[in-house]
Each structure stands twice: as structure tokens, then as C-alpha cells.
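Take a look at the structure set out below.
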Amino acid sequence: MMNINPFILVPGALALVAALWTAGCSPGGGKPPAVVAPVLVAKAAVTNVPVRIQPAPVGHVLPMSTVGIRPQIGGVLQAVHFAEGQEVQKGDLLFTIDPRPAQAALDVARAALARDTAQLENAEIQWARDQKLFNDKIESQDVFDTSKANRDAFAGTVQSDRAALTNAELNLEFTSIRAPVSGRTGGLLFHEGNVVKAPDDQLVTINQIHPIYVAFAVAEQNLPAITQAMRGQPLAVTAAFENMTGPVPAGALTFLDNTVDTATGTILLKATFPNADGSLWPGQFVQVCLTLGELRSVVTVPTQAVQVGQNGQFIYVVTTNQTVNLRPVRTGLTYEGMTVIETNLAAGETVVTDGHLRLAPGVNVNIKSSLQPDAAPAATNAP
């Protein structure tokens, strides 16, 4: 039987193991394969970006005007000519107060004026006669003066009657209460048959909502930019709210308060909206967007392409050989998911928008349409 020395086989075995390990780790005996990172990309684009107040302030919708309708004479409320919450136009008849007492007072005033006018005419005839006799030295000074005073007294009475007649006509007119402005009526506070007192009782409130105000406040540091922008043209304002349907209401800045609120460090502004469709409602809270101007032809990328590192903001740019370079940039405004890139990026360059965790300068990339993981292969039973 032949004896084999185990120590003689060790070097050969080690060589074989090393060869197998090398072959397993590097097929074909070459270098390890390069890392390829899947990414999503987008093109840097040139566009116009509006300059807006940030953060967007919260606004409060206010009626253009609010009018409380009160009677100017008292009486029984005879008729109501509108429904609660109805839109009314300026001059529309709203209420009728029983006109009979006012009509009777008007008739009395007319009769008093007719009576006193006749007495004035008689006094003037008598005074003219007494004046002629006085000039002919036939009548005494006392009689002449009495005749003149009587005529003047009746003249004053007639003037007073005319004022009383005008007042009676107004009171009769006040029995018909009409809308002083166009708007929407609120809840009815008095109904037919109630006795109303002037001017204490408020019958209804009308809010003018076409057009309508949106009031909002901005920080005082925005004041120079706002006043500068207002010199050129009216500033556009939009107002959005939850569950909104249709286009966003658009208006214009029409009021800038003349003082800064020292308690809050803000200044009050108001925008006027046509509100033709009635989408804005008094008392509503809205998200206001005030546009000061527009940046033209600036380079923008999706906001998620901008990353922040120890040395500031940067972007990964895809080169022609499908590798990435790290590009430091300076950003500007952000608008609707796009960020303005002020330096170190040209329009048309391809930037990485997702997949940054696997990236480093010089890494190869595989541009994907989605980074969703592939479905796992179906399991098979081993034979």
C-alpha cells in the first residue's frame, strides 16, 4: 500500500481553490462589472416664471358694501316683495308700509296750503289797496303797517305749508322701501303685519357681492416690492379655496393701507374681484396669490432634481456617455413644482429627478420611465 504525504497536496489544493475563486468572482478573468444606477431624468427648460408673494397669504372675503335696510317712517308692514336670500337690483321694491296714514297727512297738507294760499292772495290785494291809500295820504301809517304785516304773515304761512307738503310727500314715498344697492338679501327680520318703528328696526341686510373684496395681509418687508410693482400696472390676484370647481377667481389689487400694523408687522391689502359667477362668498377664507411681475426666459428644472449637500445645492447632470456629473447650482424661485436655476446649467441639459441615493460623480446610469421594482419571479419546485 502506497503512503501519501498530505503535506505534498496542500500547495496544489490551495492553487486550485484560488483559481476557482478568481473564476467565480470575475468571469472570463476580467475586471468586476461597473455599477449601473437606475434613474429618472428630465430636461432643463426655458420658460417664464411669475414673481409672487411667498408664502401665500390667507384672505378674507368681504362684500363690496353692506346696507342695513331700516324704515324712515313707522307703520304696519303691509307687504314684502322679495324672498330671503334673493338677488335684488338697485331700485327694486322691497317693502311696503301701510300708506293710508301718510296719504291722509298729505291730503291735509295740500288743503292747508290751498287755504293759506287763498288767504295770502286776499292779504296781498288788501295790502295793495292800503298802500295806494297811504300814498294818497288818505290812510294812516298804522293801518298801512298792519296790512303789510298781515300779508307777510300769510306769506310765511304759505311757505311753511309748502314745506309741510314736501314732508308729507316724502313720508308717502317712504312707505315704499326700495333697494339702495344691488346685492343679495339676508334673513328677513320683520314679516307682513308687524309694526315697524323708524329708524330703530332693521328689516333686512343687503350684501353687494358683484364685485366683491378679498382682504389679506402681507409682511411689511414685501411693501417696497409691492409699491414698486404697482407703479406699472394693476397687480393680478387670484383666490383659491377648498372644493373649488371651475377656474380660479381672478381680480386686481385695488387697496393698500396707509399704515403698517405695529402689533403684527403686516400691512392690509384688498383686491377687487368681478365675482360674476358668485364663487366668492362674504366671510369665506381663501388662499391668495399676489403676482408682482414675471421672470422671462429663465432655466427651470423639476424641484426634486435639486439636492442639498455640505457645500450647498447641486444637481446631477447626465452626460453623453450615460454617466453623471455633480453640478453645484444657485436656485431662484419655485413655481408649480419647477425651480429656477440661476447659474451653471443650460437649457436642454438632462438632470436626474429620482434615484439619487445610488449616485456619485462618474457613476453609470440607466434611464428608466419608472423606478418601481420588477415583479419577483414565480417560485419553482426543486426536482
### Query
Roughly speaking, what is the stretch gain from Arg115 to Thr334, that is 0.36 nm per residue apart minus the C-alpha to C-alpha distance, in nm to one decimal?
70.5 nm
### Task
Calculate, for Leu170 and Arg70, the FRET efficiency according to 1/(1 + (r/R0)^6) with r their C-beta to C-beta distance and R0 22 Å; round to the nearest 0.05.
0.90
### Task
Using a Förster distance of 25 angstrom, determine the FRET efficiency expected from the C-beta separation of Gln313 and Ile367, and round it to 0.05.
0.65
### Message
Compute a Gaussian network model of the chain, connecting alpha carbons closer than 10 Å, and tell me which residue from Val36, Val237, Val340 fluctuates the most.
### Response
Val36
### Query
Among 138-150, 95-107, how do they line up from the highest to the lowest mean number of other beta-carbon atoms within 10 Å?
95-107, 138-150
### Task
Could you tell me the largest-minus-smallest coordinate of the C-alpha atoms of the range 218-323 on each of the three principal axes, in descending order and whole angstroms?
59, 37, 29
### Query
Any idea what the relative contact order of the chain is, in percent, if you count C-alpha pairs under 8 Å spaced at least 6 apart?
27
### Helix 6-25 axis, angle to the chain major axis (alpha carbon atoms, nearest 10°)
30
### Task
Can you tell me the relative contact order of the range 99-174? Whole percent, Cα pairs under 8 Å, sequence separation 6 or more.
52
### Value of D in µm² per second that Stokes-Einstein yields for the range 99-174, Kirkwood Rh from Cα pairs, at 37 °C (0.692 mPa s)
238
### Query
Between the range 295-345 and the range 68-100, how many Å separate their Cα centres?
65
### Query
the range 137-209 to the range 220-288: how many Å between their Cα centroids?
44
### Message
Run the numbers for Ala45 and Ala219: contour at 0.36 nm per residue of separation, minus the present Cα-Cα distance, in nm.
### Response
59.4 nm
### Task
Using only the C-alpha atoms of the chain, find the volume of their convex hull and express it per residue in Å³.
340
### Message
Below 8 Å, C-alpha to C-alpha, sequence gap of six or more: please give me the relative contact order for the range 32-113 in percent.
### Response
22
### Query
So if we plug the beta-carbon distance of Ser160 and Glu87 into 1/(1 + (r/R0)^6) with R0 = 51 Å, what FRET efficiency do we get, rounded to 0.05?
0.70
### Message
Could you check the spin-label model distance between Thr259 and Ala346? Points 7 Å from the Cα along Cα→Cβ, value in nm.
### Response
5.7
### Query
Which angle from 0 to 90°, rounded to the nearest 10, does the C-alpha axis of helix 100-135 make with the longest principal axis of the chain?
50
#### Entry: Fully extended contour minus Cα-Cα distance, from Phe285 to Glu192, at 0.36 nm per residue
29.9 nm
### Message
Suppose we look only past 25 Å in the calculated P(r) of the range 170-288. What percent of the Cα-Cα pairs does that tail hold?
### Response
45
### Query
Picking from Ser369, Thr334, Met244, whose Cα lies most toward the positive end of the charge dipole for the range 217-372 (charges on Cβ: Lys, Arg +1; Asp, Glu -1)?
Ser369
### Degrees separating the helix 141-174 axis from the principal Cα axis of the chain, which is the longest one
30
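The numbers here are math on the coordinates, done by the rules we state, and not lab data. The model shown is predicted, which means the values in this text are computed figures rather than measured ones. Here the Cβ is made from the backbone with ideal geometry for all residues, glycine too, and neighbour counts use every protein chain on show.
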